[in-house]
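J.: Got a structure for you, written out below as structure tokens; questions coming shortly.
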Amino acid sequence: MRPCSPQHARRSTLILAGLGLALIWTLGAGTFPVAGAAKIRVVASTADLKVLTEAVGADLVEVDSLARGNQNPHDLEIRPSQMVKLRRADLVVLNGLELDGWAEVAIQGANNPRLIPGASGRVDASIGIPVLEVPAGKVDRSMGDVHPAGNPHYTLDPGMAPIITTNIVDGLARVAPEQRAVFEQGRQAFLAKLEPAMAAWVQTMAPFKGAKLVVDHSQWNYFFARYGLVLAGTVEERPGIPPAPGHLVRLAAQMKADGVKALILEPWGDRKLADRLAADTGARVVPLAPGAGAVKGTETYLDWMAYNVNTLAQALR
């Protein structure tokens, strides 16, 4: 996992300074929301949080995201267009758990007092999440890009949606308190659709409970926990660090010993390396959608979740 490292933070700060004039020119005057505007302007750090906010807010919100679903959310470069979005926003929805620390650079550059730490226009969607893989001891850079607060990829588990959407409703209600009942109604309508879908996904994955899988990057842990799958290994030797040849030899031997049938790959992963491991071990490379909209047909939350479940189940049959 790749938190916003000190090196990246310094690089982002330099980028921020260099973009200052371009941002001022692009923004101009009058970019704050007009009083009584029909829609609440929301910016989510990731596409996952975008679709969940849309599910809750429906016609009362206008939502954009800083990262697309097919982008690696650990480490994004900041652009003037992202600052423009944030400058105009009433609310920002953040993943938290240090996944999107880069967003703070964009918020700083946007100079929007509604979104700064401690302001009412900030939502940390991770509040209340039962976080996995929280390190027990001291974390240092020799361990790779380990998140001190725990694994931040909780949006890949549909069982976390009730908690996430509660945080979103609370944030929207701080902006428009008179609409809280409407937001909660939207949340309940979304969850009423999610509940039977989750039951169907559990049934689809039931025959593969206990299956051992390998992933490129350790971001599928919440998904695995939901469906009783077992992480047999990662292509990365340490989070965020490319594998050494010796690690790949050991991983291939482990995959053969465990009878691993699938290697999950993200859009930004090394496909050639994954194909080579698959050829050596008899496993199948399974490209999944790490974020909403990462592949065609996954633009809504339910479609995104269904795609990953059905694609993996088909590969394991």
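J.: Tell me which residues, restricted to segment 222-240, are open to solvent by less than 50 Å² (accessible area, probe 1.4 Å) and in contact (Cβ under 8 Å) with a residue 40 or more places away in the chain.
T.: TYR222, PHE223, TYR227, VAL235, GLU236, PRO239, GLY240 - these are the residues of segment 222-240 that are open to solvent by less than 50 Å² (accessible area, probe 1.4 Å) and in contact (Cβ under 8 Å) with a residue 40 or more places away in the chain.
J.: Right, THR166: hydroxyl-bearing (Ser, Thr, Tyr), open to solvent by 20 Å² or more (accessible area, probe 1.4 Å) and under 23 Å from the mean Cα position of the chain (by Cα) or not?
T.: yes
J.: Hey, can you tell me all the residues within segment 67-91 that are closer than 21 Å to GLY57 by Cβ, among the basic types (Lys, Arg) and either free of Cβ contacts under 8 Å to residues at least 12 places away in the same chain or assigned to a loop (DSSP other than H, G, I, E, B) (or both)?
T.: Residues satisfying the conditions are ARG68, ARG88.
J.: Surrounded by 20 or more Cβ atoms within 10 Å (Cβ to Cβ), modelled with pLDDT of 95 or more and over 22 Å from GLY69 (Cβ atoms), is that true of PHE183?
T.: yes
J.: Which of the residues spanning segment 264-306 are outside any loop (DSSP other than H, G, I, E, B), open to solvent by less than 70 Å² (accessible area, probe 1.4 Å) and over 30 Å from PRO245 (Cα atoms)?
T.: Matches in segment 264-306: TYR301, LEU302, TRP304, MET305, ALA306.
J.: Could you tell me whether any residue of segment 256-263 is open to solvent by less than 30 Å² (accessible area, probe 1.4 Å), in a strand (DSSP E or B) and of a type outside the set (Asp, Glu)?
T.: Scanning segment 256-263, I find at least one residue that is open to solvent by less than 30 Å² (accessible area, probe 1.4 Å), in a strand (DSSP E or B) and of a type outside the set (Asp, Glu), so the answer is yes.
J.: For segment 120-130, give me each residue that is part of a loop (DSSP other than H, G, I, E, B), without any contact (Cβ under 8 Å) to a residue 60 or more places away in the chain and within 16 Å of ILE168 (Cβ to Cβ).
T.: Correct list: SER120, GLY121, SER126, ILE127, GLY128, ILE129.
J.: Which of the residues that make up segment 232-261 are more than 22 Å from the chain's Cα centre (by Cα) and charged (D, E, K, R)?
T.: Across segment 232-261, the qualifying residues are ARG250, LYS256, ASP258, LYS261.
J.: Of the residues that make up segment 196-214, is at least one among the basic types (Lys, Arg) and not in a helix (DSSP H, G or I)?
T.: For segment 196-214, residues among the basic types (Lys, Arg) and not in a helix (DSSP H, G or I): present.
J.: Pairs please, first residue from segment 277-296 and in contact (Cβ under 8 Å) with a residue 60 or more places away in the chain, second anywhere and open to solvent by less than 60 Å² (accessible area, probe 1.4 Å) and among the basic types (Lys, Arg), Cβ atoms under 9 Å, 6+ apart in sequence or on different chains.
T.: Final answer for the pair search is ALA292/LYS50; GLY293/LYS50.
J.: While we're looking at this one, here's another question. Would you check if VAL285 is more than 15 Å from ALA211 (Cβ to Cβ), at pLDDT 95 or above and among the β-branched types (Val, Ile, Thr)?
T.: yes
J.: Being closer than 22 Å to VAL56 by Cβ, open to solvent by 10 Å² or more (accessible area, probe 1.4 Å) and within 21 Å of the chain's Cα centre (by Cα) narrows it down to one residue among LEU94, LEU115, LEU99; which is it?
T.: From the options LEU94, LEU115, LEU99, the qualifying one is LEU94.
The values are calculated or read from the model by the stated rules, or taken from the named source; none is laboratory data. Worth saying up front: this structure is predicted, and the values here are computed from it rather than measured. Note that each Cβ is placed from the backbone with ideal geometry, even for glycine, and that neighbours are counted across all protein chains shown. The accessibility values were calculated without ligands, DNA or RNA, using every heavy atom of the protein model including side chains. Shrake-Rupley method; radii C 1.70, N 1.55, O 1.52, S 1.80 Å.
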